[in-house]
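This report refers to the structure that appears directly beneath it.
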Amino acid sequence: GWQNQEYTALFKGNVLTATSQRSCPDIVTIVQAAAAHEVLITTPVHQTWRNVPIKAVVRQLASRLDGVGISIIKDIPGHIGKRGYTVAGTIGNILNGLARQYGFSWTVDGHGFRAIGDRASGSRLVTIQDPNLISSTPHLASAQQWRRGITVRCVLFPSIQPGDAFTVKSQLSSLNSGDFIANKITHHLDPFEEMSYYTTILGYSRSAEAV
């Protein structure tokens, strides 16, 4: 807030990092924070579910986040059958695993917990290809070189959102092509830098693929 004015709360969460650096005569402090970070990485869960929709499992996990309300949970596909589904870990890791397996995106922000199925959040399939495609790097894991995802840099693409489905078509290698779900998006705009208007997208495959 400005001097002689009331302060307004813009964010509430846990501090992850804080660094200070000099900028001309000023000292600038940069703080990285995340909402409900501590409860997501420290709250343990050990449970088995049977004959229940994945949406109900997500809602139950979200209800265990102390101090975080549920904003929206919708269009999450999948159902756990009679054989059951057993988990052991922290809430954050369990939600990440369910999201990759059943196809939904989730977040915690000032509005509370939100989880939306990829069909709802990514109802449109967008294509990234030459000449808008600047670079693409696959994420490979294990000795078998399983492709788990991809990092794409393209010409500024402000309309894409986390959870959107996108297709990459690369003329350089089939390893850099395929269908993905956007997980993290960063827009870079710097008028003083060459090639300064671009978007970086971290996307994951629905399932790992051998390459």
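Bear in mind that the values in this text are calculations on the coordinates, not laboratory data. Here the structure is a predicted model, which is why all the values come from computation and not from measurement.
Its residue count N sets the reference 2.2 N^0.38 Å, and the alpha-carbon radius of gyration of the range 19-77 equals 1.82 times that reference.
Database remark: amide H of Asp164 closer than 5 angstrom to the amide H of Ala182 (H placed geometrically; neighbours at sequence offset of 5 or more, or on other chains; Pro and chain starts carry no H). The aspartates and glutamates within cross-link reach of Lys74, meaning a Cα-to-Cα straight distance under 12 Å and a gap of 8 or more places when in the same chain, are Asp118. Straight-line cross-link reach from Lys169 at under 20 Å between alpha-carbon atoms covers these aspartates and glutamates, not counting any fewer than eight positions away in the same chain: Asp130, Asp179, Glu209.
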